[in-house]
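S.K.: Dumping the structure here so I can ask a few things about it.
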Amino acid sequence: GFFSDAEIEITKSWLISAAARLENFSDFGFVSTGKLATRVKINSFINWRASVSSGFRAPSLQQIYFNNTVTSFSFGQLIQNRIASNVEAITKSAGIPSLKEENSINFSTGFTAKIANGLRLTLDGYAIKLMDRIVLSGVFSANDPTLTTTFTQQLKSINVSSAQFFANAVNTSNFGLDFVVDYSKKWANQTLKLSLTGNLNKVSIDKVNV
């Protein structure tokens, strides 16, 4: 992997920074990500900032190799459901492809403000477009006539009634707003610090990758 970053002050109140990262994974190949950000000092009380960046997240070891079989009762019958690893034959027979990395495009903007002596406000909004998000699938039953015979036979051969899989199943959009209000007051040898934080967030599914 290789990482580099640089920043420059265009003026005393305007800063621009950029960063780039190059990595090569034996499982996923070459990946490049970058970030461009700026900060503007509007006056002695308010700073505005914004950034745009790309990102990725490789599948975790648990998402690739985790296996688990849960036994339960349904209508008086003993049933078993399996969360199958991505490298199992049962997963391949269901048509689930090998996991690949998640990719994202990220936008953010916000400001910090000194409202009064000892009182500060930080407000940031962001939008994240996440592609090929890894999620756990629904339940595939061995008695589903729409599924391939090879898959249902794989389930029955290990005495399992249904199965689930991790897959790069959806593209999502995340929109959010973060705010922080800090207050500090000193007197004599004592200091009072108060903080109020909050987050508003909305996640929507843009596409189901069938």
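The values are calculated or read from the model by the stated rules, or taken from the named source; none is laboratory data. As the structure is a prediction and not an experimental result, all values here were calculated from the model. We place every Cβ from the backbone using ideal geometry, glycine too, and count neighbours over all the protein chains shown. These accessible areas exclude ligands, DNA and RNA; they are computed on the full protein's heavy atoms, side chains included. Shrake-Rupley method; radii C 1.70, N 1.55, O 1.52, S 1.80 Å.
S.K.: Which of the residues belonging to the range 1-29 are at pLDDT below 90, surrounded by fewer than 14 Cβ atoms within 10 Å (Cβ to Cβ) and not aromatic (Phe, Trp, Tyr)?
M.R.: Matches in the range 1-29: GLY1, ASN24, SER26, ASP27, GLY29.
S.K.: Give the residues of the range 148-182 that are open to solvent by 20 Å² or more (accessible area, probe 1.4 Å), in contact (Cβ under 8 Å) with a residue 60 or more places away in the chain and assigned to a loop (DSSP other than H, G, I, E, B), sorted by residue number.
M.R.: Listed by number, the residues that qualify are ILE158, ASN159, SER161.
S.K.: Out of ASN159, ASN47, ASN106, which single residue is under 27 Å from the mean Cα position of the chain (by Cα) and among the polar types (S, T, N, Q)?
M.R.: So the residue among ASN159, ASN47, ASN106 that is under 27 Å from the mean Cα position of the chain (by Cα) and among the polar types (S, T, N, Q) is ASN106.
S.K.: Residue under question is SER32, and the condition is that it be exposed (fewer than 15 other Cβ atoms within 10 Å of the Cβ), small (Gly, Ala, Ser), touching a Leu at 6+ places or on another chain (Cβ under 9 Å) and closer than 20 Å to LYS129 by Cβ; does it hold?
M.R.: yes
S.K.: Show the residue pairs meeting these rules: Cβ distance below 7 Å; 6+ apart or different chains; first residue within the range 183-196 and under 16 Å from LYS114 (Cβ atoms); second residue open to solvent by 100 Å² or more (accessible area, probe 1.4 Å) and of a type in the set (Phe, Trp, Tyr).
M.R.: none
S.K.: Against the conditions (1) hydrophobic (A, V, I, L, M, F, W, C); (2) within 24 Å of SER54 (Cα to Cα); (3) open to solvent by 60 Å² or more (accessible area, probe 1.4 Å), where does VAL135 fall short? Just the number, please.
M.R.: Here VAL135 meets the rest and fails (3).
S.K.: Further, regarding this structure: Out of the residues in the range 69-86 meeting the condition of being of a type outside the set (Ser, Thr, Tyr) and closer than 30 Å to ASN174 by Cα, tell me which one is surrounded by the most Cβ atoms within 10 Å (Cβ to Cβ).
M.R.: The residue in question is ALA84.
S.K.: Right, another one. Only one of these is modelled with pLDDT of 90 or more, among the charged types (D, E, K, R) and farther than 21 Å from PHE56 by Cα: ASP144, ASP124. Name it.
M.R.: ASP124
S.K.: When the range 1-27 is examined, which residues are found to be part of a strand (DSSP E or B), among the charged types (D, E, K, R) and either out of contact with any Phe, Trp or Tyr (no Cβ under 7 Å at 6 or more places or on another chain) or touching a residue at least 40 places away in the same chain (Cβ under 8 Å) (or both)? Talk me through it step by step, then tell me what you get.
M.R.: Filtering the range 1-27 down to residues part of a strand (DSSP E or B) leaves 2-11, 14-25.
Still in the running and among the charged types (D, E, K, R): 5, 7, 9, 21, 23.
If the condition is that a residue be part of a strand (DSSP E or B), among the charged types (D, E, K, R) and either out of contact with any Phe, Trp or Tyr (no Cβ under 7 Å at 6 or more places or on another chain) or touching a residue at least 40 places away in the same chain (Cβ under 8 Å) (or both), then ASP5, GLU7, GLU9, GLU23 are the ones that fit.
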